[in-house]
Amino acid sequence: MNDKNKIIVEAEPYFIESQSSPNDNRYVFAYTITITNAGDVPAKLLTRHWLITDANGKVQEVRGSGVVGEQPYLKPGETFSYTSGAMIETPVGTMQGSYSMHSDEGEDFDARIPRFTLSIPRTLH
């Protein structure tokens, strides 16, 4: 990928204790994603592709149009943030994936979503 189509994706996950039920193997996490167009060409996010993996190795694959019902259009230097969620069966897991992007120059490219960890806060005794 060249610098004209450069999208930076950052994730900030957090545990949602009030919606989780460890006795039922239900761990709910929210995450805020910030997408920055660090390239030289405007681009639109078309689709998302996620791989959500729990500590047992169970993988959920999620594909869909846009994010949170939108297909953000980012000019160079612009950012778009959104918050979404995931549920896994273990206290720890990972998420990673990609966004399919389309630039104003007619190029399709993928913006990689680096792997990040979903983890309940550690408690000290």
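The values are calculated or read from the model by the stated rules, or taken from the named source; none is laboratory data. Everything quoted here is computed from the prediction, not taken from an experiment. Heads up, the Cβs are rebuilt from the backbone with ideal geometry, glycines too, and the neighbour counts pull from every protein chain shown.
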Inset, instruction - Please work out if SER84 is of a type in the set (Ser, Thr, Tyr) and farther than 15 Å from ILE8 by Cβ. - result: yes
Inset, instruction - Scan region 55-67 and report the pairs whose first residue is of a type in the set (A, V, I, L, M) and at pLDDT 95 or above and whose second residue is in a loop (DSSP other than H, G, I, E, B) and surrounded by 11 or more Cβ atoms within 10 Å (Cβ to Cβ), with Cβ atoms within less than 9 Å and a gap of 6+ or a chain change. - result: ALA55/GLU89; ALA55/THR90; ALA55/PRO91
Inset, instruction - Among residues belonging to region 39-92 that are of a type in the set (A, V, I, L, M, F, W, C) and outside any strand (DSSP E or B), point out the one that is surrounded by the fewest Cβ atoms within 10 Å (Cβ to Cβ). - result: VAL68
Inset, instruction - Identify all residues within region 1-35 that are buried (at least 16 other Cβ atoms within 10 Å of the Cβ) and over 26 Å from GLN60 (Cα atoms); write none if there are none. - result: ASN5, LYS6
